[in-house]
Amino acid sequence: MTSTLNPIADDTIANPIATVPETAGAELTVPLVTGESVGYANFDHAASAPCLSSVRRAVDEFLPWYASVHRGAGFASQVSTTIYERARQAVHTFVGGRSCDSVVFTRNTTDSLNLLARAVPRGTAVVLFDTEHHAALLPWRGHHVRRLPAPRTRSEAVTAVAKALAECPEGPRLVVAAGASNVTGELLPVAELTEVAHEAGARIVVDAAQLAPHRRVSLRELGADYVALSGHKLYAPFGAGALVGRSDWLRAAEPYLAGGGASKLVQGKETGVEVVWNTGAERHEAGSPNTVGVYALGVACTELATQWQQIEDHETALLDRLTSGLAEVAGLRVLRLFAGDGQNDQVGTISFVIDGFQPNWVAAVLSAEYGIGVRDGAFCAHIATRRLIGDAGGSGQQALRVSLGLGSKEEHVERLLRALHDITQGRTCWDYTIRDGRWAPTPDPRPLPTFLS
């Protein structure tokens, strides 16, 4: 189901944005410290995206049928098994999987990359940039890791990876690359990185957590070996993710978790327990799976895959206005990885600092006085964020991040820009103090929703 987002009366944007899939909570209102209520302006899609309305309806329809999968004789179990495996095919199709690619369901991108780190052959050389999200940066301990400094241009990124691969010892090698930066939203040259990786006999895994909700991803077209993604960023926040890619390393690895489902045959011996493990995706899916989350992910993938042009048009219109508006805010400096190549290919995520203003304080004001949700901090990419802040100057080790998505509206962007102008010109109406290490309105009269009472 889709809905047309209503254009605002303000003429600052000439053309209305595209019709896109509807999200749950699109009409959510939140209280302000002034006693008023306002429609929630969610600019934190890069952390977690709201649920698609179609996903919510699908989950509600499925819940009465929920049962165990794969080994249940009851009809509900057969329905659940069908749903689970159809979702596997939906994810495979969504990422342009090849016939030889496996889809392993996980909890999220972090879980997927940790699974792959456990599956790569011992002694694998891993090449990555230190600008990666912690989910991609941290799992490779125990392997030979070549951590490269942040490139200044996309071409420099390709050259640096090629050079690092040439200097790696003989043996298996793996390049780890984000499809889009979770700090700046900029796209990395994944196709070119794949090409140099394969020329060197290496493999590549794409962290698509930030890319997949915004742009079509195709393993077949990119030639990449693996892709990892999260349902909670793909408008299916029910706790499922996936690792999709070549089967051989996964088939040869020890099961990610030991338990039922991963085991094909277990026999008691005098010397212990003898186990024959499954060889397919179920080898790494031990225990009762998150069938509801997997179904939600499959539904989201199916809907998003039919509407890429509308999604890109929607986000491009908002991003253009946001970018031009931020340039007019006094003292605001946008963080960019590739400031040196003149290109601006990015998804709808922008991080920035404002000279003289603490990001956490600005975020608290935006929430309390304007009903706007943003992210402040280092975004689980501490090395990248702090390096970029050092280049931009002005705010210690934290920044503000604004991330667009399907629930974003023109009015939200205009409200954010007006709020930032107000804040930088000293037009705030409430007192703020530090509580539990963060700035918060004092007092904070906003009531929690009634379902929490």
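Here are the numbers:
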| quantity | calculated |
| --- | --- |
| Residue identified as more than 24 Å from Ala305 (Cα to Cα), of a type in the set (A, V, I, L, M), at pLDDT 95 or above and under 19 Å from the mean Cα position of the chain (by Cα) among Leu32, Leu28, Leu52, Leu128 | Leu128 |
| Criterion violated by Glu369 - all others in (1) under 18 Å from Ala49 (Cβ atoms); (2) surrounded by 20 or more Cβ atoms within 10 Å (Cβ to Cβ) satisfied | (1) |
| Strands (runs of 3 or more DSSP E) enclosed by region 96-181 - at least 2 residues per element that are polar (S, T, N, Q) and under 24 Å from Arg251 (Cβ atoms) | 101-106 |
| Yes/no for Thr450 being hydroxyl-bearing (Ser, Thr, Tyr) and modelled with pLDDT under 95 | yes |
| Residue match in region 264-273 (condition: modelled with pLDDT under 95 and in contact with a Phe, Trp or Tyr (Cβ under 7 Å, 6 or more places away or on another chain)) | yes |
| Residue in region 162-175 that is touching a helix residue (DSSP H, G or I) at 6+ places or on another chain (Cβ under 7 Å) and within 21 Å of Cys301 (Cα to Cα) present | no |
| Subset of region 324-366 (residues that are out of contact with any strand residue (DSSP E or B) (no Cβ under 8 Å at 6 or more places or on another chain) and surrounded by 15 or more Cβ atoms within 10 Å (Cβ to Cβ)) | Gly325, Ala339, Asp341, Phe357 |
| Verdict on Ala157 being buried (at least 23 other Cβ atoms within 10 Å of the Cβ) and not aromatic (Phe, Trp, Tyr) | yes |
| Counted residues, region 407-439 - those being in a strand (DSSP E or B) and in contact (Cβ under 8 Å) with a residue 24 or more places away in the chain | 3 |
| Criterion: aliphatic (A, V, I, L, M) and free of Cβ contacts under 8 Å to residues at least 40 places away in the same chain - qualifying residue of Val183, Val161 | Val161 |
| Residue check, Arg401 among the charged types (D, E, K, R), surrounded by fewer than 18 Cβ atoms within 10 Å (Cβ to Cβ) and outside any loop (DSSP other than H, G, I, E, B) | no |
| Selection from region 55-71 of residues that are part of a loop (DSSP other than H, G, I, E, B) and touching a residue at least 12 places away in the same chain (Cβ under 8 Å) | Tyr66, Ala67, Ser68, Val69, His70 |
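The values are calculated or read from the model by the stated rules, or taken from the named source; none is laboratory data. Note that this is a predicted model, so its numbers are computed, not measured. Because the Cβ atoms are built from the backbone with ideal geometry, glycine has one as well, and the counts that use them run over all protein chains shown.
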